[in-house]
Amino acid sequence: MSSSGINVAQEVELGIPSRKAGGGCGVNTNVGCGSKVMPLDPSVREKVANHPCYSQEAHQYYARMHVAVAPGCNIQCNFCNRKFDCSNESRPGVTSRLLSPEEAANKVRYVANRVPQLSVVGIAGPGDPLANSDRTFRTLGLIAEQTPDLRLCLSTNGLALPDHIDRIVDSGVDHVTVTINMVDPEVGERIYPWVYFEGKRRSGKEAAQILSERQLEGLASLVSKGILCKVNSVMIPGVNDEHLVEVSRVVRSMGVFLHNVMPLVSSPEHGTYFGLNGYRGPSPQELAILQDRCSSGDGQMKVMRHCRQCRADAVGMLGEDRSEEFSGDEALLAPEAYDADERRALHQEIERGREELRAQRESLRIDLGTGYRPNSTVLVAVATKGSGLVNQHFGQAREFWIYEAGERWARFIQTRSVDRYCFGPETCNDDSSPLDRSISLLRDCAAVICSKIGEEPRRALALAGIEAIEAYDLIEKTVAEVGEAIASTNGDRAAV
Ligand code: CLF
Ligand code: SF4
């Protein structure tokens, strides 16, 4: 254990620079010269520990659910079509069923009784929660009263944020996300055609200026009240991609805990301004490069890399979508008794398991990406159902977790979904099979690690120069071993 009372593995998970001795300026890609160890405040550590969005490790064990109670919005984003959920937190093209606050509270109880991994309830749409403040706060009040052990989370575009700080605090919300796509109105006027403020529709630079000022004012107030804040940004190549490094620096300096840089998902079928006018989303490689730049600048911002851009009625672990399973009327109508015991017992079991895995990782001295990067690394893809293990068959994996791998080194880079996203012309082919899509998505990886793989996909991967490796073990341990073996024979093949 370190002097701060948390062990090295926990510090790494929480994004705290490691304090390894040695190494000089420029050696470390993630930790700046002269950086100091900043132990997390215990209250922050407690808030992060079981929140699946604020902790990459926690998202392997804990689930979230959203309740879609907020239909209206007070701004227009060029990547949004109002027929669908808010794109600031959700994947474009997805429509959620609107609930009343009472239905939402019933649904939370219903889901909580059936998904014991549940730790957080969020309101993230389908419009902006604070543009529907009465519905949002009534919902939060009911949930806090009826299911008091669940964390409350809120996501907003920030325009109305300064008007609601006290109500947010009083509601017991302890995590707030503000979507900030710019801090410069010249960039902003290309993203927001208008905002509705003080009874008037404002457009152009004035609209962006108002929005930006309100977002930053609201953020500062939240931070001063001890609310843990995350900023979401949509990366729009050619519009704000370069600028997001500055956004990251600014919000870091204000005390924001986490920056989630998400890809623009753009296609003409979504009917958005960007989709209809040929604006493309970034490739996974472009996204990872920008995330690295945000996390390696002066501010050393902690960057979220495991966001799944989920729906306004999402239910389950981040990597799975169980919203359909809970979309029926029975979830809304049943005023059933609430039983938190099963969840409490499971959460205790999860924490014991996590502690054991941390101890193993620590004994193996595997660096999760905060120390000194080895000279030779490769990218590898992992098939996992969570719980910290390589435990998924290649053919059943709908997403892969990409790691930078090398000697005692396993740095999580991003997730890539086989059938959810189009990442651009190279991977966009409606006729392609899931196997073709997987290979295309993993083309910059040296290996894929999974619990089982058939001969046909193994051959197809080999033809693409990707080695298939079967394992059932700790993810980071396997990644580091595979990375070391491949990097030492093939040299550096890390593309990001
Ligand atoms: Fe929901 Fe958002 Fe809270 Fe998480 S989601 S309101 S912070 S509980 Fe998470 Fe989903 Fe990404 Fe949002 S993966 S879209 S970051
Ligand atoms: Fe759409 Fe969300 Fe933007 Fe409102 S804030 S316009 S709902 S993407």
Selection from segment 241-263 of residues out of contact with any Pro (no Cβ under 6 Å at 6 or more places or on another chain) and open to solvent by 10 Å² or more (accessible area, probe 1.4 Å) yields ASP241, GLU242, HIS243, VAL245, GLU246, ARG249, VAL250, ARG252, SER253, MET254, GLY255, PHE257
The lone condition CYS77 fails out of (1) open to solvent by 20 Å² or more (accessible area, probe 1.4 Å); (2) more than 14 Å from ligand 1 (Cβ to nearest atom) is (1)
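Listed here are the residues, each with its yes/no results for (1) free of Cβ contacts under 8 Å to residues at least 24 places away in the same chain; (2) of a type outside the set (Phe, Trp, Tyr).
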residue	(1), (2)
TYR273	no, no
ASN277	yes, yes
PRO284	no, yes
CYS294	no, yes
ALA314	no, yes
LEU333	no, yes
HIS347	no, yes
LEU364	no, yes
inquiry  = Against the condition within 14 Å of ligand 1 (Cβ to nearest atom) and either under 24 Å from GLY328 (Cβ atoms) or modelled with pLDDT under 90 (or both), how does ALA68 come out, does it pass?
reply    = yes
THR147 passes all but one of the listed conditions (1) more than 16 Å from ligand 1 (Cβ to nearest atom); (2) over 24 Å from the mean Cα position of the chain (by Cα); (3) under 16 Å from ALA63 (Cα atoms); the exception is number (1)
Across (1) in a helix (DSSP H, G or I); (2) away from ligand 1 (no atom under 14 Å from the Cβ); (3) under 15 Å from ALA331 (Cβ atoms), ARG97 clears everything bar (1)
Within segment 143-168, residues part of a helix (DSSP H, G or I) and either acidic (Asp, Glu) or surrounded by fewer than 19 Cβ atoms within 10 Å (Cβ to Cβ) (or both) come out as ALA144, GLU145, GLN146, PRO162, ASP163, ILE165, ASP166, ARG167
Picking from ARG352, ARG308, the residue that is within 16 Å of ligand 1 (Cβ to nearest atom) and either free of Cβ contacts under 8 Å to residues at least 24 places away in the same chain or assigned to a loop (DSSP other than H, G, I, E, B) (or both) would be ARG308
Of ARG138, ARG167, ARG190, the only residue that is under 24 Å from GLN209 (Cβ atoms) and over 19 Å from the mean Cα position of the chain (by Cα) is ARG190
Among the residues of segment 217-240, the number that are without any contact (Cβ under 8 Å) to a residue 60 or more places away in the chain and buried (at least 19 other Cβ atoms within 10 Å of the Cβ) is 8
- Query: Taking the stated definitions as given, is LEU130 at pLDDT 95 or above, outside any helix (DSSP H, G or I) and within 16 Å of ligand 2 (Cβ to nearest atom)?
  - Reply: no
Residues of segment 346-379 being in contact with a strand residue (DSSP E or B) (Cβ under 6 Å, 6 or more places away or on another chain) and acidic (Asp, Glu), in sequence order, are ASP367
Pairing a residue in segment 455-482 that is open to solvent by less than 80 Å² (accessible area, probe 1.4 Å) with any residue that is of a type in the set (Ser, Thr, Tyr), where Cβ atoms lie under 6 Å and the two sit 6 or more apart in sequence or on different chains, gives ALA471/THR478; VAL479/TYR403
Practice problem: Within segment 118-136, identify whether any single residue is surrounded by fewer than 22 Cβ atoms within 10 Å (Cβ to Cβ), of a type in the set (D, E, K, R) and without any contact (Cβ under 8 Å) to a residue 12 or more places away in the chain, and answer yes or no. | Solution: yes
Of ALA124, ALA144, the only residue that is out of contact with any Cys (no Cβ under 8 Å at 6 or more places or on another chain), of a type in the set (Gly, Ala, Ser) and either assigned by TED's automatic domain parsing to the domain that holds MET317 or more than 13 Å from ligand 2 (Cβ to nearest atom) (or both) is ALA144
Closer than 30 Å to VAL247 by Cα, outside any loop (DSSP other than H, G, I, E, B) and open to solvent by 20 Å² or more (accessible area, probe 1.4 Å): is that true of ARG293 in this structure?
yes
Checked HIS51, HIS59 against criteria (touching a Cys at 6+ places or on another chain (Cβ under 9 Å) and at pLDDT 95 or above); the one match is HIS51
Kindly check whether there is at least one residue in segment 239-254 that is on the phi > 0 side of the Ramachandran plot, away from ligand 1 (no atom under 16 Å from the Cβ), out of contact with any Leu (no Cβ under 7 Å at 6 or more places or on another chain) and assigned by TED's automatic domain parsing to the domain that holds ALA208. no
Tell me, please, whether a residue that is modelled with pLDDT of 85 or more and assigned by TED's automatic domain parsing to the domain that holds MET235 can be found in segment 82-95.
no
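The values are calculated or read from the model by the stated rules, or taken from the named source; none is laboratory data. Just so it is clear, the structure is predicted and the values come from calculations on it, not from any experiment. Note that we place each Cβ from the backbone using ideal geometry, even for glycine, and neighbour counts take in every protein chain shown. Ligands, DNA and RNA are stripped out before the accessible areas are found, and what is left, the full protein with its side chains, is counted by its heavy atoms. Shrake-Rupley method; radii C 1.70, N 1.55, O 1.52, S 1.80 Å.
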